[in-house]
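The values are calculated or read from the model by the stated rules, or taken from the named source; none is laboratory data. Only a predicted model underlies this, so the values are computations on that prediction, with no experimental measurement involved. Note that we place each Cβ from the backbone using ideal geometry, even for glycine, and neighbour counts take in every protein chain shown.
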Amino acid sequence: MNRDKVIVRTSIIGILANIFLASFKAVVGVLSSSIAIVLDAVNNLSDVMSSVITITGTKLAKKRPDKKHPYGYGRVENLSTSLIAVIVLYAGVTSFVESIKKIISPPVPDYSAVAIVIVAAAVIVKIFLGLYVMKKGEAVNSDSLIASGKDALLDSVISAATLLAAVIYLVFHIRTEAWLGAVISLVIIKSGLEILGESLSSIIGKRISSDLSKEIKDTVTSFPEVQGAYDLILHSYGPDLLIGSVHIEIPDTMSVAELDKLEHRITEKVLAEHRAILAGISVYAVNTQNDRASQMYEDIRRNVMSHEYVLQIHGFYLDEQKMTIHFDIIIDFAAPDSGELYDHILTETQEAYPDYNVSITLDTDISD
């Protein structure tokens, strides 16, 4: 089924379910003077707004690319997720303020059998709704739907806690509604901050998943001519558009025509298997006609990798005519001073091979 239709249909189901729950909870909360149930109803209304934003964001994200935005509008979905997080935060903060007021001047609750039944039913409905929405969100790779599903599951916990407060009052005559309202508010605020942090991380540009990185590199190196794949960069312009580049190691005897055909095959296979566009494939030449190069590489590799915080060495090439040695290294972000470590490795290598001009590129740890 079309991704947009799945998101819209799932969101509409969420809207109808939350309006139904909010209406009953609001009535029961007012009649029973329970601030916890009223706040629970308000939270359901915020979920309705979240679903509306999800639908709107999905529609806007599918706008065709234009001259101003040649990569399309897919990142609008990240913005819609951020808006959902802001709504959740607003609901949490306002409900916390109201809860504090009720702690200072607590009302006398009046729970009925109907109220208990409605809250219990809300717990069950929210569990099924949350699992359903999350499953659909994961199936179509929609962060907004996943966030809404998590929020619904959180609501089921909140409703269960509200039900617990009612039981405590009926059995022990202890009023915990306002205190529970404050706890509920803090849980809502925490959830909002987590959703906001994740969405902002996507907008800023977060590291691609380790599994996807390794899978794409395995696909690239599945071609016999490719001896290694490094420096994979992927930029997300929405759930359906990944664009990036990669460096590959190939024999230095390959012709330009052979390389061109290889790059086309790699690009086509990565797109077909991972739905990622490799807009650029850079090349590291591997020495194939110099027996000394292999031994030099092993010696240099052993020394470089002996240093703490060095994650990788690649792209080694020995040019006997120009008397140059070149390779790339990757240093962990955790290194206290990557510049100092880089200078140390460069000096060590140059001293070990004084007849050569040593050149080292410091790559960034951008993917696994």
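Computed quantities for the displayed model
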quantity	calculated
Matching residues in the stretch 272-309 - criterion: being over 18 Å from ALA229 (Cβ atoms) and of a type in the set (A, V, I, L, M, F, W, C)	ALA293, MET296, ILE300, VAL304, MET305
The listed residue being surrounded by fewer than 17 Cβ atoms within 10 Å (Cβ to Cβ), without any contact (Cβ under 8 Å) to a residue 40 or more places away in the chain and assigned to a loop (DSSP other than H, G, I, E, B), out of ILE168, ILE174	ILE174
Matching entry among ALA182, ALA121 (being in the same structural domain as ILE103 (by TED's automatic domain parsing) and either within 22 Å of the chain's Cα centre (by Cα) or surrounded by 15 or more Cβ atoms within 10 Å (Cβ to Cβ) (or both))	ALA182
Selected residue (criterion: modelled with the highest pLDDT) from residues of the stretch 155-178 that are within 36 Å of the chain's Cα centre (by Cα) and polar (S, T, N, Q)	SER156
For VAL310: the one exception among (1) in the same structural domain as ASP343 (by TED's automatic domain parsing); (2) surrounded by fewer than 17 Cβ atoms within 10 Å (Cβ to Cβ); (3) within 32 Å of the chain's Cα centre (by Cα)	(2)
Residue count, the stretch 270-300 (criterion: within 25 Å of the chain's Cα centre (by Cα), exposed (fewer than 13 other Cβ atoms within 10 Å of the Cβ) and without any contact (Cβ under 8 Å) to a residue 12 or more places away in the chain)	1
Flag if SER50 is in a helix (DSSP H, G or I), under 27 Å from VAL76 (Cβ atoms) and at pLDDT below 80	yes
Looking only at the stretch 239-269, and only at residues there that are among the β-branched types (Val, Ile, Thr) and more than 21 Å from GLY205 (Cα to Cα), the one that is surrounded by the fewest Cβ atoms within 10 Å (Cβ to Cβ)	VAL256
Residue in the stretch 60-76 that is surrounded by the most Cβ atoms within 10 Å (Cβ to Cβ), counting only those that are modelled with pLDDT of 85 or more and assigned to a helix (DSSP H, G or I)	VAL76
Pairs where the first residue, in the stretch 198-217, is in contact (Cβ under 8 Å) with a residue 40 or more places away in the chain and the second is among the hydroxyl-bearing types (Ser, Thr, Tyr), C-beta under 6 Å, 6+ apart	SER199/THR81; SER199/SER82; ILE208/SER367; SER213/SER367
